[in-house]
Amino acid sequence: MIPAPFQYVRASSTDEAMAALAEHGDEAKLLAGGHSLLPLMKLRLASPEVLVDVGRISDLSYVRHDGDTVAIGALTTHHDAGRDEVLKAQVPLLAHVATQIGDPQVRHRGTVGGSIAHADPASDLPAALLALGGSVVVRSAARGERVIAASDFFTGFLEAALEPDELLVELRVPAVPDAGWSFQKFNRRALDWAIVGVAAVSRNGSSGVGLVNMGPTPLVAAGVAEAWSGGASPAEAAERVAEGTEPGADTNASVEYRTHLAKVLTRRALEEAGG
């Protein structure tokens, strides 16, 4: 339970953080809230030689509404995202999901950018970002800024489309104040990771559905969204939830149980979202 030795660097600006990443490359890891990285380090499943603390960079904590888009700074905490009036009005699904993450301590320390960059398939926030058709903004000292669609961002188990010298700086989602939405998840205890979760959004005849813990990465339930948008009932659309998934078996659920649970939660989500 003791991490391997590492060098600690505190960055006071995005430029300092990017400079540290450019200098140390693969040997460096970013530290924001620390609720994902530090447990891995204690178990020595992650052993960075350099830890770059970005938690004090205040200009990456914000929520901004600009036309049809809402931008959320990467260092916005789950607590602040869940309480933000702009987010609650313009993207209520995302605000609600932020209130369902962990416990108050996790929500006060954990950040939206850290949750997305960690790319955990059992995490709630990536499913909501996928359902909304959002995107991720990353920046490096060498190449500047680029925007990555959420559907292209999660590349493998705990792997994302971030280069070693890139810093995730912002999430972008469409403003959907009039959308129907739902977030359903099932866990054994209130603070446990979800055994399965479903985020659903419906607006103007189009829809999006994201899945939690149904494969090695956060997933889009494209078949469900296609059927739902095409007029299928929630129960009919939910029958397609297993398409393109790779649910695992563990001490909480078999593959069969997890698949069944995904169908049940998807049906409930579509019904609540107005399917």
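Quickly run through the stretch 248-275 and pick out the residues that are part of a loop (DSSP other than H, G, I, E, B), out of contact with any Asp or Glu (no Cβ under 9 Å at 6 or more places or on another chain) and in contact (Cβ under 8 Å) with a residue 40 or more places away in the chain.
ALA253, GLY274, GLY275
Counting only residues that are among the β-branched types (Val, Ile, Thr) and assigned to a loop (DSSP other than H, G, I, E, B), how many does the stretch 98-131 have?
Number of matching residues: 1.
Please go through the stretch 189-212 and pick out each residue that is over 13 Å from GLY274 (Cβ atoms) and modelled with pLDDT under 95.
Listed by number, the residues that qualify are ARG189, ALA190, LEU191, ASP192, TRP193, ALA194.
Just for strands (runs of 3 or more DSSP E) wholly inside the stretch 150-228: which have at least 2 residues that are more than 21 Å from ALA32 (Cβ to Cβ) and not small (Gly, Ala, Ser)?
By residue number, 180-186, 196-203, 206-212.
Name the residue that is nearest to GLU170 (Cα to Cα), counting only residues in the stretch 95-109 that are touching a residue at least 24 places away in the same chain (Cβ under 8 Å) and open to solvent by less than 10 Å² (accessible area, probe 1.4 Å).
ALA98
The values are calculated or read from the model by the stated rules, or taken from the named source; none is laboratory data. Everything numeric in this text was worked out from a predicted model, so none of it was measured. For neighbour counting, all protein chains shown are included, and Cβ atoms are generated from backbone atoms with ideal geometry for every residue, glycine included. Just so you know, the surface numbers come from the protein's heavy atoms only, side chains and all, with ligands and any DNA or RNA stripped out. Shrake-Rupley method; radii C 1.70, N 1.55, O 1.52, S 1.80 Å.
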